[in-house]
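A short write-up of the structure that comes next.
The values are calculated or read from the model by the stated rules, or taken from the named source; none is laboratory data. Every value quoted in this text rests on a predicted model; they were computed, and no experiment measured them. Cβ: placed from backbone, ideal geometry, glycine included. Neighbour counts: every protein chain shown.
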Ligand code: ADE
């Protein structure tokens, strides 16, 4: 079997991690059980570009149980858990091309190794498989039925491709399922970003000015959790509606130039580039800490920070100290890459359970509908989204009510009023 990982000797420890995550993933376990019997993915080749974590391992195992041939590369150079990668190879017989701290050249070499398998379905987190197919590997296109996309950034990229008329196959935006972004983006990013910052720095959050760039689902979750730790949360936004929501959720909202002067910790979760840049570095306090939890490492202009600095050193794992000409120090965590996956372990398994249940059921849906979809970006079918919510509640032992016949009738009628 073809693979490229750090060390196969890490496999046994990785397997325990995968088993631990599985215990928090009851919905995916149920799907795996059904897939093992029905084999709905028989004959399919799935190429995945996902964070190689213990949660992802459980998804890949589920897809394999459904009859698919699966291979995986990392969707970020810093997010691979090398033990998990080794266990996937040794115990699950799944080809993995991912090594934590791989450089960009190796990263794309690994993306290409997955594309060499001629996948029928691409499973992206950020869009690098699909963009590589479109820009460099168009011979792969003939095999493709459709792709799925895990994250906001990837969905934005694919919508731009669709708008430019260049998208050549259908994509299902798993991110847009309610059972994905309401939970993974909000509670997952909220908790795991704090986890990453604390593991990297061990700072006290209570009493700190905690500036969050972006009040989407990730920003909301992060604000909620940072506030819970006693931080003074400040939101910076460009969207008036989101800014207004942040105000009414009780946070201070101000322009980034104002926040730059008072922030102790800055976290970007916008999906955009150069959110923190030269004009802001010049205003920051000595000791300001910068981190990113958006998909790509473009949200903080680190190149600029480097060029403004007279000295740079690694002061702790994942913490780089930049000393500016005037002596102020700015600390950047995890090279500006997703801090929750670089310094911690990503979102907890209990939320990835829903995200990856959507992925597995969307793969089954793609197999079922075949090449009937248009080359556009689709939402997750509503029945899949609802089924994931239903199964998750059930796994938590929570029952809910249903409408009476009279109520159902009322909702469909318009005659009854005051
Ligand atoms: N994205 C965020 N957290 C993740 C995790 N634990 N596994 C895979 N992808 C993730």
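For the stretch 87-106, filtering for residues that are surrounded by 22 or more Cβ atoms within 10 Å (Cβ to Cβ) and closer than 20 Å to residue 295 by Cβ leaves 2. Scanning the stretch 175-212 for residues that are within 20 Å of residue 284 (Cα to Cα) and crowded, with 24+ Cβ neighbours inside 10 Å, we see that the one that is farthest from the ligand (Cβ to nearest atom) is 211.
What do you reckon, is residue 83 within 21 Å of the chain's Cα centre (by Cα), farther than 17 Å from residue 358 by Cβ and either modelled with pLDDT under 95 or in a helix (DSSP H, G or I) (or both)? Criteria met by residue 83.
In the stretch 159-172, the qualifying residues are those that are touching a residue at least 12 places away in the same chain (Cβ under 8 Å) and surrounded by fewer than 24 Cβ atoms within 10 Å (Cβ to Cβ), and the one that is nearest to residue 344 (Cα to Cα) is 159.
Could you figure out which of (1) within 23 Å of residue 41 (Cβ to Cβ); (2) touching a strand residue (DSSP E or B) at 6+ places or on another chain (Cβ under 8 Å); (3) more than 16 Å from the ligand (Cβ to nearest atom); (4) not in a loop (DSSP other than H, G, I, E, B) isn't true of residue 154? Of the numbered conditions (1) within 23 Å of residue 41 (Cβ to Cβ); (2) touching a strand residue (DSSP E or B) at 6+ places or on another chain (Cβ under 8 Å); (3) more than 16 Å from the ligand (Cβ to nearest atom); (4) not in a loop (DSSP other than H, G, I, E, B), the odd one out for residue 154 is (3). Taking the stretch 387-416 as the range and being part of a helix (DSSP H, G or I) and touching a helix residue (DSSP H, G or I) at 6+ places or on another chain (Cβ under 8 Å) as the test, the residues that pass are 387, 388, 389, 391, 392, 395. The single condition among (1) at negative phi; (2) buried (at least 23 other Cβ atoms within 10 Å of the Cβ) that residue 127 does not satisfy is (1). For the criterion of being closer than 24 Å to residue 295 by Cβ, assigned to a helix (DSSP H, G or I), in contact (Cβ under 8 Å) with a residue 40 or more places away in the chain and within 16 Å of the ligand (Cβ to nearest atom), residue 78 fails. When restricted to residues that are closer than 20 Å to residue 55 by Cα and either away from the ligand (no atom under 16 Å from the Cβ) or in contact with a strand residue (DSSP E or B) (Cβ under 9 Å, 6 or more places away or on another chain) (or both), the stretch 93-109 contains 8.
Scanning the stretch 29-73 for residues that are assigned to a loop (DSSP other than H, G, I, E, B) and within 16 Å of the ligand (Cβ to nearest atom) returns 50, 51, 52, 53.
Quick check on my filter: what residues within the stretch 321-357 are within 16 Å of the ligand (Cβ to nearest atom) and farther than 18 Å from residue 20 by Cα? Selection gives 334, 337, 338, 339, 340, 342, 343.
For the stretch 338-368, give me each residue that is surrounded by fewer than 23 Cβ atoms within 10 Å (Cβ to Cβ) and closer than 30 Å to residue 314 by Cα. The answer is 344, 345, 348. Does the stretch 36-46 contain at least one residue that is within 19 Å of residue 80 (Cβ to Cβ) and at pLDDT 95 or above? Within the stretch 36-46, one or more residues are within 19 Å of residue 80 (Cβ to Cβ) and at pLDDT 95 or above.
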